[in-house]
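Quick notes on the structure that follows.
Readers should treat all values here as calculations from the given coordinates under stated rules, not as data from a laboratory. Computed from a predicted model, the values in this text were never measured in an experiment. Neighbour counts are summed over all protein chains in view; Cβ atoms, including those assigned to glycine, are modelled from backbone coordinates with ideal geometry.
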Amino acid sequence: MQPKNINKDNIMTLKPLWQLGFSTAIMMAISACSQEPAPASVAIPPTPASIPHTNHTMASSPEAASTPTSHTSQNDCEIALNGTDAMQFSLKQIEIPAHCTQATIHLSHTGKLPKTAMGHNVVITSQAHLRGVLSDGLQAGKEHEFVKPNDERVLAHSKLLGGGESDSITFDTALLKTEPYVFVCSFPGHSGPMRGTIVIQ
């Protein structure tokens, strides 16, 4: 079979079309490379309505609920006073609220020595009578625990304590408002460091 004759003009026409097709392909490839990739899909967090609610309220323990506060568990007309083997009272001033018609002092000997060597008591008297009360107490001796019996100058006094012992005294506060009063240990040699003032507030 004889090949079909191709016209020269047709060849010249086809050549530009081929070149045009090749150029178009190159431009499309360049355009594809310059395009930014599509962003990856981002997970959207659930809305607050879809998040399960957790209750963070702390439940109060039975111990905390039943523990009384200090101002309800302690009578403000009562005073705790300690005496030690170092020959010291735990307080230098006793403060009594003005509404207290009576006051109570709870004396505890927190040391270990016996009362024959390191005895402690608490004696309440006026500042004006302190020297006489102590002098007469020394004369009364250990038989009367260094407090003169039935001494009218003494508003109140505890018994003489050894280590680990305790005693309480209750007294009227009316006289405390008339002149300065003090508390003191009348055991020999203790009245210097073991004394303090009583104040009505």
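Name the aspartates and glutamates eligible as straight-distance cross-link partners of K115: C-alpha to C-alpha under 19 Å, and not fewer than 8 places from it in the same chain.
D85, E143, E145, E165, D167
How much length is gained on full extension from H144 to D85, taking 0.36 nm per residue of separation minus their Cα-Cα distance?
Using 0.36 nm per residue and subtracting the Cα-Cα distance, I get 19.1 nm.
Out of the GluC sites (Glu not before Pro) in segment 98-164, which ones are loop residues according to DSSP with at most 10 other C-beta atoms within 10 Å?
E152
Would you list S166, S191, S158, S135 from fewest to most Cβ contacts within 10 Å?
S135, S166, S191, S158
Given axes a ≥ b ≥ c from the Cα gyration tensor, I'd like to know whether segment 76-201 is rounded (a/c under 1.5), prolate (a/b larger than b/c) or oblate.
Here segment 76-201 falls in the oblate category.
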